[in-house]
Amino acid sequence: MTNQYDILISGGGLVGGSLALAIQHSGLKIGLIELQTAEQKKHSPAGERVLAISQGSKQLLEQSGLWQTVTTASEPIKTIQVSDRGYLGKTRLSAKREGVDALGYVLEARQLDLALLQQLEQATVDVIAPAKMTHLDNTSPASVAVTIEHKDGTQEIKQTRLLVAADGGNSSIRQQLGIHTRQVDYDQTALITRVNAQIPVDSIAYERFTESGPLAFLPMGRSNYSVVWTLQPRQAQTMMELSEQDFIQRLQQAFGYRLGRITLTSARHVFPLQLLHSKEMTANRVALIGNAAHQLHPVAGQGFNLGLRDAACLANLIRSDSETITDPGRAEILEEFAQMRNTDHQRVINFTNSLIWLFSSDWSLLGHARSLGLMTLDRIPWLKHRLAKAAMGM
């Protein structure tokens, strides 16, 4: 580790790590600060989370060489079936109709974590781990000074031309800069688990809207599905307190028997749902990406994909600007980055909030309207195409 970098990335997760790989051949000196060691990351419970990876994100991961390593561990989504419990309306989105191999893919995060670690070991990037950034000073117009805490004490990196915050929803960088966030409490909780199906149907993802909230079954291969059920907090607490048998009965009742009888194969976990969106994505010599800039409701499965696009956009601006060889943190680059990403962020947030409002209400008149809307959507090809493109992150 030196005391001077062109670009310093705080946060070596999937988004921060992807950015480091994307710009490693830019001729710039790059540092990556990560709280966990490689060994800790390999065994972290966070690796058990399931990612819905859009077709667009798959293409981005291919560019960095990550996808080629995990493709055999992923499960393609060739069809998305959307239905509304208690109503007739439903629609199907098809990869074949869209002319692609898959609308998206389902992958356990650990597989991508391991692929990223392997690539970083061979990359021309200084990985500083375990370490955390404790202080920053971006008052100079030319660079940012950063203080890092690691096992040997503290160290100051006196100069980095660009500091990238990829340090998660509780971003220390965002807080130290005093950047405010828009926060919306949805008064909903996500219950996450995995099940095994009696009658598996390959490569179909199910989005079922129930009176308690959206319920998603994501295919993971070999009859296994990842389940994400959006509930009111009290309902979620009740579901957590139920015996395994009673919980499965409630889940089966909400989802139906299109996959036959289901059995639980993992523990249940819950986490509260809220929208967090940074009101600014940049400051002097600083850019925010991934969860440091936004956290979304999982109903549209777009949070991770949006973060990858943040990293890809910043990487493209850095690589395509001939002046970045001397100054990758120039105000012009950061202004363009913020402008480009804000459009994508607002589009995805508006789409997600619309789905939450439309499909989280048990008002009967709205239910009939939803049913009619799904039936209409199923009969208008260009509308289905637009929805499929949104699902694919294209």
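Every number in this text was worked out from the coordinates using simple rules, so none of it is lab data. Since this is a predicted model, take the numbers as computed values, not measurements. Cβ placement follows ideal geometry from the backbone for every residue including glycine, while neighbour counts extend to all protein chains displayed.
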Checklist entry - If you rank 5, 257 by fewest surrounding Cβ atoms within 10 Å, what's the result? => result 257, 5
Next on the checklist: Can you order the peptides 259-266, 10-17, 312-319 by their average number of other Cβ atoms within 10 Å per residue, highest first?
Outcome noted: 10-17, 312-319, 259-266
Next on the checklist: Given contacts defined as C-alpha pairs under 8 Å and at least six residues apart, what's the relative contact order of the chain, whole-number percent?
Outcome noted: 22
Checklist entry - What number comes out for the charge environment of residue 274, summing +1 per Lys or Arg and -1 per Asp or Glu over other residues with Cβ under 10 Å away? => result -2
Next on the checklist: Report the gain in length on full extension from residue 39 to residue 244: 0.36 nm times residue separation, minus Cα-Cα distance, nm rounded to one decimal.
Outcome noted: 70.5 nm
Checklist outcome for this item: To the nearest 20 debye, the stretch 223-320 has a Cα-centred charge dipole, built from +1 on Lys and Arg Cβ and -1 on Asp and Glu Cβ, of 220
Item to check | Estimated distance in nm for a label pair at residue 346 and residue 185, the labels positioned 7 Å out from Cα along Cα-to-Cβ | outcome: 2.8
